[in-house]
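Have a look at the structure below, then the notes.
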Amino acid sequence: MLLPGVSFYSVVGGWTLGYLLRALDGRVMSDDVGALGALFGQYVGDPAEALLTHALFAGLTLLVVAGGVQKGIERVGKLLMPLLFLLMLALIVRALTLPGAMAGVEALFRPDFARLTPGMLVEALGLACFSLSVGAGCMLAYGSYLGRAPGSAIPRCG
């Protein structure tokens with residue numbers, strides 16, 4: 001059964017590929033919010049291009065998943081995780097060089113607890129529980145591919 005979230009993420013993945021192509025040719029390098037909104041409208045308004053990038057993302061995902069955990073997900077993860085780290089570092093450096101960046105850093109590290117509401121606490125707890133459950137699910141999935149530890153008395157399941 002295909003979950004609704006899976007189709008949502010594949011559409012957003014297609015959008016990401018579409019915007020990557022636009023970033024490479026410089027079309028998204030603008031400060032004009034209206035122009036960027038029009039660019040997005042043009043992109044999603046062209047069914048052929050949106051479907052093409054969605055299909056490309058789905059095909060790439062299929063190739064990774066078909067490779068299995070070690071030859072697919074692990075191999076791609078070894079490449080993409082360091083790239084994600086480098087991208088985050090580049091974004092942090094870029095953000096800190098923008099005007100008013102230090103005011104944002106100060107707001108980050110000096111929160112105003114007077115503005116905290118009970119609803120915010122409930123939402124934060126919900127996010128924490130979701131993150132923990134996703135992490136535990138990933139550990140279980142990847143752990144099922146591990147071999148038995150040498151000298152372990154615990155029998156391997158499956």
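The values are calculated or read from the model by the stated rules, or taken from the named source; none is laboratory data. Since this is a predicted model, take the numbers as computed values, not measurements. Note: ideal-geometry Cβ built from the backbone for every residue, glycine included; neighbour counts use all protein chains shown. When the accessible area is computed, the model is the full protein with side chains, heavy atoms only, and any ligands, DNA or RNA have been set aside. Shrake-Rupley method; radii C 1.70, N 1.55, O 1.52, S 1.80 Å.
Is one or more of the residues making up region 89-96 assigned to a helix (DSSP H, G or I), in contact (Cβ under 8 Å) with a residue 12 or more places away in the chain and open to solvent by 100 Å² or more (accessible area, probe 1.4 Å)?
no
Quick one: what pairs do we get from region 52-78, first residue on the phi < 0 side of the Ramachandran plot, second among the charged types (D, E, K, R), C-beta under 8 Å, 6+ apart or different chains?
Note: pairs meeting the criteria are GLY67/ARG75.
For residues that are open to solvent by 50 Å² or more (accessible area, probe 1.4 Å) and modelled with pLDDT under 85, tally how many sit in region 30-43.
Summing the residues that are open to solvent by 50 Å² or more (accessible area, probe 1.4 Å) and modelled with pLDDT under 85 in region 30-43 gives 1.
Looking only at region 58-79, count how many residues are surrounded by 11 or more Cβ atoms within 10 Å (Cβ to Cβ) and within 16 Å of TYR142 (Cβ to Cβ).
Looking only at that region, the number is 12.
Considering only region 76-94, I want to know if a residue exists there that is modelled with pLDDT under 90, within 30 Å of GLY59 (Cα to Cα), of a type in the set (Lys, Arg) and out of contact with any Gly (no Cβ under 6 Å at 6 or more places or on another chain).
Taking every residue of region 76-94 in turn, at least one turns out to be modelled with pLDDT under 90, within 30 Å of GLY59 (Cα to Cα), of a type in the set (Lys, Arg) and out of contact with any Gly (no Cβ under 6 Å at 6 or more places or on another chain).
For residues that are modelled with pLDDT under 85 and not polar (S, T, N, Q), scanning just region 1-25, find the one that is most open to solvent (accessible area, probe 1.4 Å).
Looking at the filtered set, the residue picked out is MET1.
For the condition at pLDDT 90 or above, open to solvent by less than 100 Å² (accessible area, probe 1.4 Å) and either basic (Lys, Arg) or within 30 Å of GLY13 (Cα to Cα) (or both), what is the one hit in GLY126, GLY104?
Result of the check over GLY126, GLY104: GLY104.
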